[in-house]
Amino acid sequence: MFQPQTVSRLLLHPVSKAHSSMIKFDFLKSIIIAFTATFILAACDKIDSPYSVPNEPKDTAACPVPDFPAVTAHYKRALVEDYTGHNCPNCPRAGLIARDLKEQYKDSLVVIAVHAGFFAKTSVSDPVWAYDFRTPAGTDWDNFFKVGAVGNPNGLISRKGYPDNQQVLSPSAWANAVKNTIAEIPLMDLQLITEYDAADDKLCIHAKTTFLQAITGRTLNISIVITEDSIVQAQKNSDPAVGATPQILDFVHMHVLRGAVNGTWGTPVLLKTENSGDPVVTTFPMHFTGFNLNTMIPKNCRVVAFVYDVDTKEILQVAEQDVVK
Amino acid sequence: MKTYFSTFTTLLATFIILIPALLSAQNNPVGSQVNGNFQMDAQYYRVDSAIGALPVPEKMQMNSWTNITYSAGSFNAGLRYETYLNPVNGYDPRYKGTGIPYWFVDYKTGQFQVTAGHIYDQFGSGTIFRTYEEHNLGYDNSLNGIRVKFSPLKGVELKGIYGTQRYFWDKGPGIVRGGDADINFNDLITSWAESKFRFQLGGSFVSKYQADEVIYNDKQEKLILPLNVASAAGRFNLSYGNFGLGGEYAQKMNDPNAMNNFIYKKGESLLLTASYNQKGLGIIVQAKRLDNMGCKSKRTETGNVLDIAYLPAITKQQSYTLAAFYPYATQPSNEMGLEAQVNYKFAKNTLLGGKYGTDIAVNFSAINSIVKELVNDSAVLGASGTLGYTSPFFKVGDTKYMRDFNIEIGHKFTKSFKLLFTYMFEDYNIEVIEGHPGEPMVHADIFVAEMTYKLSPSKALRLETQALLTKQDEGDWMMSLLEYTVAPKWFVSVADQWNYGNQDTERQFHYPLVAVAYNNDANRIQLSYGKQREGIVCVGGVCRNVPASNGFTLTVTSSF
Amino acid sequence: MCLVWKLKSLKSITLRNNFSPTLIKFKMKNILIAALLLFTGITVLAQETGADKVLFKLPGVTVTDLKGTKISTDKLFNEGKPFIISFWATWCKPCVKELTAIADVYEDWQTETGVKVYAVSIDDSRSSAQVKTLVNGKGWTYDVLLDQNADFKRAMNVNAVPHTFVVNGKGEIVWQHTSYSDGAELDLINVVRRLIAGEPVAH
């Protein structure tokens, strides 16, 4: 096909007499074009109006904003996202690693267990594996960051490394990544106040972002999610040091992601066109009924908020607060 | 990444400036030439929730690469341009992107050969060092650095390498350096040149360096990590007439990594081969011991990347679909294996040979675990941050990983009809190999019959029927494939895989496949449509699911 | 072609053991591609365009024969007569089919044309020890070379096996073909016959 003579003729005489190899080249080329056209035409999504998803209005009437206490110490917190699934036999070990790190770093570390992907699938036939831990937000994150596609267990530490496609970290690499992240100087403080009214089944979430340095030219979003502890369900297990093998029927699942309050990718706190200045307070009301397809127990729940850069996806600050003190 | 490109552009600029000068200066006596190849795989996916084919947001995924090589006498250079947008299902998604991850320049003169750039090479059989690529399988661990080969005497070759490894579109954090010596006594000693006795000896040494990092053991204590890890290997090969004997022994010093749960035990491996060959008969027996020899240039890596060591399975590589259904994956931390194979040809015009002769091949492999015993500094076998275990060298462990016996008989009945019959028996430890804890050992009997009927000198019809019978896992499978070829250009095939024996009657799926290919010398274009079943792969404690797929695949390859 | 089938049937083996270069600006990529094409163009323009339609010369890569002797591939020869290089592997069924089909008529081919077949195995250390066993077990009389780390395969730009080349008496490759279907070996011997007769090797 790309025989030297052919290429030379193409360069010197674009319209030349048909050389037998050139006939084949043209034929091949037309086949390729035909198939490419078929693929392109078939691979399209037609969208009908409305063309955008409207932002939820901030409902400050239902949730009046309280006063935030002053921040005395500024420190950076890291977020460990442990991508796991109840069918993943090697995942309980990773959960232990996350728990040990949390014990060590205490308030400087926030852990979320994201159940998503192949190993979080539920069984239609076997009730032991019928519990669905998955959430639309968790599945979206897993598909976007490709954590499960690389394998489970794996995780993200403050979603660092995304621009270089190096965000997926195996559990043994978490300790080093957490240590490096926590050592960084924080760009902002993030405070969370939660007000839960059991009678109304209403949770008011207030998040205050106080910029410690000037930030320009970056769009920052805040993502607010709910996690729940002490969900007792079966979990496959391959490590005898963690528990029974091949499965632990009454495994206590902790920090399970239950859903995103303000959408999978959050809402803006700073736009690229703005300069950072005064603290930004965002308020979100939330109801536990219907939030997750499973029944949630509010006193086992926590609110996790994180502010991240929309382009690099890196999480700049994270905070956590119990729903019920 | 930035350094990558500035080096490359400088190099490229040098070519562009030098080449016309070189070519015009000479009358092209040496004959410089440019050649290369190209391959593109594009897949278009459709959702099929029954078999588990998930929606693919980009709908179409494509892998493609182009190799271009330039050679002029003793000077060679080349590069590869790759694009994975997005990588096809089953490939590591971190390959997404586009660029030139491979280039090299090579200069050979007399006793020396120097290569700079990306290097593929192996020491001996690759136990302590092998960099290679297998693009159809998404594997590339090339070494970016320098290689020097020096041959001081005829029959003696010394090699030295130094560099970092490819990590998707970047480089791994570890530096790899090593050397190899290979001596062929029949070339070295002139009186041995035509001797019936042939003897080769070799030795190699590899060391990797990675900066310190924080890794905890199970008790949250920071591990004291060895920053430099060395491995060494020695090999020999001798043959006398029809008999042959060979062996390779390798050792690796303490290398705590994610694949062995950060134990400090040294690694050891031994491979022995004995063979007998004469025209019409070949016999080979191989025995292998593998203990903690997995080595990567990044401690915490669990993916199929950054390998320094190559530890292949000691089982026969199967090419029939159902025979390859339960493929063995080497357990790098422990394995005792044995493989034996006999190939024999019943000559023409004998009782079993018939008019054209009959080929028969028998292969047997058995793989067990090694014996692991507690070391006094730990109460748990293989606990991280300890020696892990000790293992008596010659003892075979109790856990059966794989037993596999296959017999293949090929016979040509008439000038136009040929039959290839295969029977295979397999014991497959699905719990260990695919990470399915609690599942029983899979016993499978596999039958394959491949019949080729020539309709004319250039037209042939080939039928393959395969059956996999098992009471475990998903039950029985059956596969048929019918292929019509018009030599040398056209290939049309229709195939179906059917899980008829699945206990869950809702999951007795069919996986049909239709393919058409047109081949013109070194150019080939193939379009296929079908369903592919899902698979699970477990490497070093991380399991990945390769989702089922339903859709079109277009493959174009060309060499020019 | 064989490797593509291999991918489909061996997906589990394959994926064993598992940086978005935003730094590349679009302009930079364009420059590189243009430079590459330019440089290819200049070089090929400068090549001789002889009537013999040479594809390329044999590259000089080290392979070993079954006795363990290292051989440089640019030194492969057949006393001035054309020879065939066929890339194969023990796990590649069409490759073994092709070489078996040629083995049936090899003696006749040699008597008629004096052609020689170099069967280059790309089996890596997993199966390279079985190459000698299979070759002897099938009674093949080819010159078998081992290309364990695919150096020769890469230098010859082979994508998938089987891939067969016909080399003329001067060590220049004049014909190549990939994939095998029954009867394709007739094309192979026809190319050799034309070379011997001094006729152009038309495709």
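The values are calculated or read from the model by the stated rules, or taken from the named source; none is laboratory data. Since the structure is predicted, the reported quantities are computational estimates derived from the model, not experimental observations. FYI the Cβ positions are ideal-geometry reconstructions off the backbone, even for glycines, and counts take in every protein chain you see.
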*Odd one out for C:ARG154 among (1) facing chain B (nearest Cβ under 8 Å); (2) under 22 Å from C:GLU112 (Cβ atoms); (3) in a helix (DSSP H, G or I)*: (2)
_Let me spell it out: the conditions are (1) surrounded by fewer than 22 Cβ atoms within 10 Å (Cβ to Cβ); (2) part of a strand (DSSP E or B), and C:ALA119 meets all of them except one. Which number is the exception?_
(1)
*Based on what the data block shows, is B:THR69 β-branched (Val, Ile, Thr) and facing another protein chain (nearest Cβ under 10 Å)?*
yes
*Do we have C:VAL161 as out of contact with any Cys (no Cβ under 8 Å at 6 or more places or on another chain), of a type in the set (Val, Ile, Thr) and at pLDDT below 95 here?*
no
*Can C:LYS132 be described as out of contact with any helix residue (DSSP H, G or I) (no Cβ under 9 Å at 6 or more places or on another chain), closer than 21 Å to B:SER319 by Cα and either more than 8 Å from chain B (Cβ to nearest Cβ) or basic (Lys, Arg) (or both)?*
yes
*Please work out if A:VAL128 is assigned to a helix (DSSP H, G or I), closer than 24 Å to B:PRO256 by Cα and either touching a strand residue (DSSP E or B) at 6+ places or on another chain (Cβ under 8 Å) or modelled with pLDDT of 95 or more (or both).*
no
*asked:* If the requirement is being closer than 30 Å to B:THR358 by Cβ and more than 7 Å from chain C (Cβ to nearest Cβ), which of these qualifies: B:ALA309, B:ALA274?
replied: B:ALA274
*Output the residue which, of all residues in region B:113-166 that are surrounded by fewer than 19 Cβ atoms within 10 Å (Cβ to Cβ) and of a type in the set (Gly, Ala, Ser), is farthest from the chain's Cα centre (by Cα).*
B:SER151
*Would you point out the residue of region B:455-482, among those that are under 12 Å from B:LEU322 (Cα atoms) and of a type in the set (S, T, N, Q), that is surrounded by the most Cβ atoms within 10 Å (Cβ to Cβ)?*
B:GLN466
*Please specify each residue of region C:79-126 satisfying the condition of being among the aliphatic types (A, V, I, L, M) and touching a Lys or Arg at 6+ places or on another chain (Cβ under 6 Å).*
C:ILE122
*Check C:THR178 against each of (1) within 25 Å of B:VAL34 (Cα to Cα); (2) touching a helix residue (DSSP H, G or I) at 6+ places or on another chain (Cβ under 8 Å) and name the one condition it does not meet.*
(2)
*Out of the residues in region B:205-228 that are assigned to a strand (DSSP E or B) and within 24 Å of A:ARG93 (Cβ to Cβ), which is nearest to the other protein chains (Cβ to nearest Cβ)?*
B:TYR216
*asked:* Consider region C:179-198. How many of its residues are farther than 16 Å from C:VAL167 by Cβ and at the interface with another protein chain (Cβ under 7 Å from one of its Cβ atoms)?
replied: 6
*Of the numbered conditions (1) within 10 Å of chain C (Cβ to nearest Cβ); (2) of a type in the set (A, V, I, L, M); (3) more than 25 Å from B:ASN550 (Cβ to Cβ), B:ALA495 fails exactly one; give the number of that condition.*
(3)
*Report the residue count in region C:136-147 for those that are at the interface with chain B (Cβ under 7 Å from one of its Cβ atoms) and either at negative phi or in contact with a His (Cβ under 6 Å, 6 or more places away or on another chain) (or both).*
3
*Quick one: count up the residues across region A:212-243 that are within 19 Å of A:GLY85 (Cα to Cα), at pLDDT 90 or above and surrounded by 16 or more Cβ atoms within 10 Å (Cβ to Cβ).*
11
_Near pairs, Cβ below 8 angstrom, 6+ apart or cross-chain, from region B:320-336 (under 15 Å from B:ASP473 (Cα atoms)) to any residue that is of a type in the set (Phe, Trp, Tyr)_ = B:LEU322/B:TRP477; B:PHE325/B:TRP477; B:TYR326/B:TYR428
*Taking the stated definitions as given, is B:ALA517 of a type in the set (Gly, Ala, Ser), surrounded by 18 or more Cβ atoms within 10 Å (Cβ to Cβ) and modelled with pLDDT of 90 or more?*
yes
*Single match in A:TYR83, A:TYR105 (criterion: within 13 Å of another protein chain (Cβ to nearest Cβ), among the hydroxyl-bearing types (Ser, Thr, Tyr) and under 23 Å from A:THR139 (Cα atoms))*: A:TYR83
_Residue in region B:336-349 that is farthest from B:PHE413 (Cα to Cα), counting only those that are more than 13 Å from chain C (Cβ to nearest Cβ) and in contact with a Gly (Cβ under 9 Å, 6 or more places away or on another chain)_ = B:MET336
*Select, from B:THR485, B:THR414, B:THR452, the only residue that is more than 27 Å from B:TYR328 (Cα to Cα) and surrounded by fewer than 19 Cβ atoms within 10 Å (Cβ to Cβ).*
B:THR414
*Do the conditions hold for B:ASN545, that is, is it within 30 Å of A:SER170 (Cβ to Cβ), of a type outside the set (Val, Ile, Thr) and in contact with a strand residue (DSSP E or B) (Cβ under 9 Å, 6 or more places away or on another chain)?*
yes
*Among the residues of region B:424-446, is any touching a Leu at 6+ places or on another chain (Cβ under 6 Å), closer than 18 Å to B:THR358 by Cα, part of a strand (DSSP E or B) and more than 14 Å from chain A (Cβ to nearest Cβ)?*
no
